[in-house]
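J.: For reference, the structure I am asking about is given below.
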Amino acid sequence: MLLISDAAKAASAALTTPGPDLGVDFGTGHVVVWERGQGLVIQEPSVIALTGPARNRVLAVGDQARRYAGRTPRHIRVVSPMQGGMVADLGMAEILLKTLLRACQGLGRRRRLTIAIPLDATDVERNALLGLAGELGYGSVQGVASPLAAALGAGLPVQEPRASMVLDLGSGCCEAAIVAMGDLAASRTMRHGGDALDATLQQQFRLQHHLHAGLDACESLRQGLGSLDPGQDNHSQRIKGLDTRKGLPCA
């Protein structure tokens, strides 16, 4: 069994095998780009910050935009165009992807691009993702199922008559699949992921400990302590936040 804790890394790794020049996973949490011969070239949060009187002018994307989350003045808004692994705001998703991929287009329009597609994507959702990539002017654009891309990138015996399990745990959705003979033998998708776990942790801290912790802190806690190994259950980690009764910082 292959366990993938970050859906973006899993799908982008498909380009370790012969194929397109760029591999892209436009996930709920991160946009990741894998370039042939270069490896991982982009890993940025799927976030865009807007400003201006109508809050429609791009201020920042990726890591820089995420710094504004939760602490924005009235003239700035932070948008996450991907929800549940799919495009929720097509216009913002196009701006975000174009901005991040601009640095990877040095070889011209003949470059090929593969983009990871969630298992349960509808035709409309699939076309939206492929359309975004097509607007960038690449020579060819193709989609590949996220778990299959993960299996290829990890070097699993995809073409052989033996089963390999892929577990893809992302921010917006989780996918499990069994791969054999170059295709998916069985699969299942749940449109919930790390973001839902972070929100649950935040709620529990508030209810049980009167502690308001930021989502970034909850994410760090989940990633630091989360494990499928029972032997790791005795670990601990401090978390900082605001005491909701006193209005003072605490840990």
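J.: Filter segment 134-146 for residues that are open to solvent by less than 20 Å² (accessible area, probe 1.4 Å) and under 16 Å from the mean Cα position of the chain (by Cα) and give the result.
T.: Across segment 134-146, the qualifying residue is only S146.
J.: Taking the stated definitions as given, is A149 of a type outside the set (K, R), open to solvent by less than 50 Å² (accessible area, probe 1.4 Å), part of a helix (DSSP H, G or I) and over 20 Å from Q43 (Cα atoms)?
T.: It is false that A149 is of a type outside the set (K, R), open to solvent by less than 50 Å² (accessible area, probe 1.4 Å), part of a helix (DSSP H, G or I) and over 20 Å from Q43 (Cα atoms).
J.: Also: Can we say D229 is exposed (fewer than 12 other Cβ atoms within 10 Å of the Cβ) and of a type in the set (D, E, K, R)?
T.: Here the answer is yes, as D229 does meet what is asked.
J.: Still on this model: For segment 215-236, which residues satisfy the criterion of being at pLDDT below 85 and either assigned to a loop (DSSP other than H, G, I, E, B) or among the basic types (K, R) (or both)?
T.: G226, S227, L228, D229, D233, N234, H235, S236
J.: Same structure again: Within segment 54-75, restricting attention to residues that are out of contact with any Lys or Arg (no Cβ under 9 Å at 6 or more places or on another chain), part of a loop (DSSP other than H, G, I, E, B) and among the charged types (D, E, K, R), which residue is surrounded by the most Cβ atoms within 10 Å (Cβ to Cβ)?
T.: In this case the residue turns out to be R67.
J.: Only one of D63, D25 is within 14 Å of the chain's Cα centre (by Cα) and over 22 Å from L130 (Cβ atoms). Can you tell me which?
T.: Answer to the selection: D63.
J.: Another question, then. If I239 satisfies all but one of (1) among the aliphatic types (A, V, I, L, M); (2) assigned to a helix (DSSP H, G or I); (3) surrounded by 14 or more Cβ atoms within 10 Å (Cβ to Cβ), what's the number of the condition it fails?
T.: (2)
J.: Hey, does segment 189-203 have a residue that's within 18 Å of S46 (Cα to Cα), surrounded by 12 or more Cβ atoms within 10 Å (Cβ to Cβ) and modelled with pLDDT under 85?
T.: yes
J.: Separate question: Take the residues in segment 102-128 that are modelled with pLDDT under 80 and part of a helix (DSSP H, G or I), then tell me which one is least open to solvent (accessible area, probe 1.4 Å).
T.: Filtering first and then ranking leaves C104.
J.: With respect to L156, is the statement that it is of a type outside the set (S, T, N, Q), outside any strand (DSSP E or B) and open to solvent by 20 Å² or more (accessible area, probe 1.4 Å) true?
T.: Taking the combined requirement at face value, the residue satisfies it.
J.: May I pose another question? Which of the strands (runs of 3 or more DSSP E) found entirely inside segment 1-53 contain at least 3 residues meeting this: surrounded by fewer than 24 Cβ atoms within 10 Å (Cβ to Cβ) and either modelled with pLDDT under 50 or among the charged types (D, E, K, R) (or both)?
T.: 2-4
J.: Shifting gears a bit: When the residues of segment 140-181 are narrowed to those that are of a type in the set (V, I, T) and in contact (Cβ under 8 Å) with a residue 24 or more places away in the chain, which ends up nearest to M86 (Cα to Cα)?
T.: Ranking the qualifying residues of segment 140-181, first place goes to V144.
J.: While we're on this one: Tell me which residues, restricted to segment 159-187, are within 25 Å of V31 (Cβ to Cβ), open to solvent by 20 Å² or more (accessible area, probe 1.4 Å), out of contact with any Leu (no Cβ under 6 Å at 6 or more places or on another chain) and not hydrophobic (A, V, I, L, M, F, W, C).
T.: The one that is within 25 Å of V31 (Cβ to Cβ), open to solvent by 20 Å² or more (accessible area, probe 1.4 Å), out of contact with any Leu (no Cβ under 6 Å at 6 or more places or on another chain) and not hydrophobic (A, V, I, L, M, F, W, C): S171.
The values are calculated or read from the model by the stated rules, or taken from the named source; none is laboratory data. Just so it is clear, the structure is predicted and the values come from calculations on it, not from any experiment. Positions of Cβ are backbone-derived with ideal geometry, glycine not excepted, and every protein chain shown enters the neighbour counts. Only protein heavy atoms, including side chains, enter the accessible area calculation; ligands, DNA and RNA are left aside. Shrake-Rupley method; radii C 1.70, N 1.55, O 1.52, S 1.80 Å.
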